[in-house]
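In what follows, a single structure is set out as structure tokens and then discussed.
The values are calculated or read from the model by the stated rules, or taken from the named source; none is laboratory data. Everything numeric in this text was worked out from a predicted model, so none of it was measured. All Cβ positions, glycine included, derive from the backbone under ideal geometry; neighbour counts span all protein chains shown. To get the accessible areas, we keep the full protein, side chains included, count just its heavy atoms, and leave off ligands, DNA and RNA. Shrake-Rupley method; radii C 1.70, N 1.55, O 1.52, S 1.80 Å.
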Amino acid sequence: MKTQDLLRKLFNEGNCLTYDWYFSTCRKVEKMCEQFKLENPHSFCFVQNSKVPLPLLGHTDFQYFSNGALVIYMWPQRADEIIKKARKILALHGYVIKDIYAPQNKEEWQDYFKLLIDIHDKTKELPASDESLILCTFNLPAEFADYCFNGGNILLNAAKDECYDPKYRQMLAIFGNGLYVVDEQYKHCDSFYGNVEVKFFEGYVCDEPMMRPIYVPQIYLQALYQRAKQYNWYISPEDAAKKLPQVKVSELETIKKYAEDILQNRTCISILTPRINYRDIFLDPILTSPDYNRYVLFDDGKLVLSQKYYNDVVRQKHLLEDLKRSCPYMKFTVELVPDYYIDCLYPEIYKRQKSARDVYLEMMRKKAVLISEIFGVPVVLAQDATAQFVGWKDWMDMENVTITHARHLIAMQQNLDKRVEKNGYKNDVIYNATAYLDLLKAQNIPYENLQAVYSQLKANLAKAKRQ
């Protein structure tokens, strides 16, 4: 197949309506939103592009054109599922699929992969005029709920005919027409909460084609679920949890025996996220996150994978490549197991080893002691300062950290440690000394060793200049 000929044909006969237009306009969009927030601090806004009415996520797997052409890069069975759902969503927006371009055999697989990459590269060059960028504004959460539920739109996360884990209601909302709303706390992978669970929802849990996310304050997300209660399709979180697949008692007994066998003389190394070291930085932890990638890895190379997600040989190959970059001298022995084995294995491991939560809290205790010593602060007050510095309300709030959240926060600390090392500082407390001093002053926490702190900072700056 001549991909360049098909590429020209697609763009000559129509406009791509699903590409990620935000890529080339992010700074302009951010300025528009910043200006609005400056003038309207209690309101909310987001930007739409009138030339790209369907910015569907998954733009590296498929693209839709205004002449009805759909280009998709998936195996036929998976492609059929997505096409069926895409037809439904496109119809709700007034579009139809007329022609489908998809690989019919293994030989065409790489051709379509290259075609989708070429489409992505070509759309990056498309200009976005100021006239095409539309600022959507809302003064109240109820107004945003009106927008989302317009035309009888159904909130799938809260619909009785769907089967989504109710835990996602705290993070996101996906609607029947592809509208996708996410709590702004999960906007960036390196934010306090990270976005590993949101990414898992997008990549593994949700089969619906979804639009590019609209990031909203938590109160706006809560308003959507409050409004959903008014409809007869609504299901409560408690009833939704009952609909989720349950592990049978006999299956629990089997997994317990399996755990006893596999955990003999082995240490789990995916309690924390194995990191890929590239030059003097760590790459994105989501590449090897056990929460996102559904695996358990042991120190002898035993790799237990979820059968549900890794029957796909391509997906398995990509994970193995990333883990190899993280553990270059390890020889992997892969075993596919039912998906619930992954969830059941880790609790058994935590009976024998520390969990990420245990490791994280231990790290923070040591940091609190360090802050106490460096600044001359009572340890109890240093604990609260430690917690507040990284985003918690206080030490007690931090002790509620989940294992998934702890794993992410440890990865963020590892990134910080790399920067500290690169800049020649003794530890990250001295590296962030001025910020810690600002926090102590703001919280009226008494400290004594100010002169000693400044002396250490001065020594570090002098050392950095010599390097």
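Of the numbered conditions (1) assigned to a loop (DSSP other than H, G, I, E, B); (2) open to solvent by less than 60 Å² (accessible area, probe 1.4 Å), residue 70 fails exactly one; give the number of that condition.
(1)
Being in contact (Cβ under 8 Å) with a residue 12 or more places away in the chain, of a type outside the set (Phe, Trp, Tyr) and surrounded by 18 or more Cβ atoms within 10 Å (Cβ to Cβ) narrows it down to one residue among 297, 252, 244; which is it? I'd like the intermediate steps shown before the answer.
On the way: 252 fails: surrounded by 18 or more Cβ atoms within 10 Å (Cβ to Cβ); 244 fails: surrounded by 18 or more Cβ atoms within 10 Å (Cβ to Cβ).
Just one listed residue meets the conditions, 297.
Could you tell me which residue of segment 91-112 is surrounded by the most Cβ atoms within 10 Å (Cβ to Cβ), considering only residues that are at pLDDT 85 or above and part of a helix (DSSP H, G or I)?
Looking at the filtered set, the residue picked out is 112.
With the checklist (1) acidic (Asp, Glu); (2) open to solvent by less than 60 Å² (accessible area, probe 1.4 Å); (3) not in a helix (DSSP H, G or I) in hand, flag the one item residue 448 doesn't pass.
It fails just one condition, (2).
Would you confirm, using the coordinates I've provided, whether residue 358 is open to solvent by less than 50 Å² (accessible area, probe 1.4 Å) and among the acidic types (Asp, Glu)?
no
Name the residue that is nearest to residue 83 (Cα to Cα), counting only residues in segment 142-159 that are surrounded by fewer than 14 Cβ atoms within 10 Å (Cβ to Cβ) and touching a helix residue (DSSP H, G or I) at 6+ places or on another chain (Cβ under 9 Å).
Residue satisfying both the conditions and the ranking: 151.
Quick one: in segment 371-382, which of the residues that are open to solvent by 50 Å² or more (accessible area, probe 1.4 Å) and part of a helix (DSSP H, G or I) is nearest to residue 439 (Cα to Cα)? So that I can check it myself, show each step before the final result.
First, the residues of segment 371-382 that are open to solvent by 50 Å² or more (accessible area, probe 1.4 Å): 373, 378-381.
Next cut, part of a helix (DSSP H, G or I) only: 373, 379-381.
Working: 373: 16, 379: 15, 380: 15, 381: 12 Å.
The selected residue is 381.
Give the residue, chosen from 326, 355, that is in contact (Cβ under 8 Å) with a residue 12 or more places away in the chain and in contact with a Pro (Cβ under 7 Å, 6 or more places away or on another chain).
Details: 355 fails: in contact with a Pro (Cβ under 7 Å, 6 or more places away or on another chain).
After applying the criteria, what remains is 326.
Go through segment 171-201 and give me each residue that's open to solvent by 40 Å² or more (accessible area, probe 1.4 Å) and in contact (Cβ under 8 Å) with a residue 24 or more places away in the chain. Full working, then the answer.
First, pick out the residues of segment 171-201 that are open to solvent by 40 Å² or more (accessible area, probe 1.4 Å): 184-185, 187-190, 192-193, 197, 199.
Selection gives 184, 185, 187, 189, 190, 192, 193, 197, 199.
Determine if segment 114-123 includes at least one residue that is β-branched (Val, Ile, Thr), free of Cβ contacts under 8 Å to residues at least 40 places away in the same chain, closer than 22 Å to residue 7 by Cα and open to solvent by 20 Å² or more (accessible area, probe 1.4 Å). If you could, list the steps in order and put the result at the bottom.
Quick first cut of segment 114-123, residues β-branched (Val, Ile, Thr) only: 117, 119, 123.
Keeping just the survivors that are free of Cβ contacts under 8 Å to residues at least 40 places away in the same chain gives none.
Looking through segment 114-123, none of the residues is β-branched (Val, Ile, Thr), free of Cβ contacts under 8 Å to residues at least 40 places away in the same chain, closer than 22 Å to residue 7 by Cα and open to solvent by 20 Å² or more (accessible area, probe 1.4 Å).
Take segment 324-337 and flag every residue that is open to solvent by 50 Å² or more (accessible area, probe 1.4 Å) and not hydrophobic (A, V, I, L, M, F, W, C).
324, 325, 328, 329, 331, 333, 335
Inspect segment 311-323 for any residue being surrounded by 20 or more Cβ atoms within 10 Å (Cβ to Cβ) and either in contact with a Cys (Cβ under 9 Å, 6 or more places away or on another chain) or free of Cβ contacts under 8 Å to residues at least 12 places away in the same chain (or both) and give the result as yes or no. Before the answer, list the steps.
We begin by selecting, within segment 311-323, every residue surrounded by 20 or more Cβ atoms within 10 Å (Cβ to Cβ); these are 319, 323.
This time we only want the ones that are either in contact with a Cys (Cβ under 9 Å, 6 or more places away or on another chain) or free of Cβ contacts under 8 Å to residues at least 12 places away in the same chain (or both), so: none.
The answer is no, given that none of the residues of segment 311-323 is surrounded by 20 or more Cβ atoms within 10 Å (Cβ to Cβ) and either in contact with a Cys (Cβ under 9 Å, 6 or more places away or on another chain) or free of Cβ contacts under 8 Å to residues at least 12 places away in the same chain (or both).
Here is a check on your reading of the model: is residue 386 under 28 Å from the mean Cα position of the chain (by Cα), open to solvent by 60 Å² or more (accessible area, probe 1.4 Å), among the polar types (S, T, N, Q) and under 25 Å from residue 188 (Cα atoms)?
Numbers: under 28 Å from the mean Cα position of the chain (by Cα): yes; open to solvent by 60 Å² or more (accessible area, probe 1.4 Å): no; among the polar types (S, T, N, Q): yes; under 25 Å from residue 188 (Cα atoms): yes.
So residue 386 does not fit the description; no.
Among the candidates 418, 366, 393, single out the residue that is more than 24 Å from the chain's Cα centre (by Cα) and open to solvent by 20 Å² or more (accessible area, probe 1.4 Å).
Step by step, each of 418, 366, 393 is checked, and only 366 is more than 24 Å from the chain's Cα centre (by Cα) and open to solvent by 20 Å² or more (accessible area, probe 1.4 Å).
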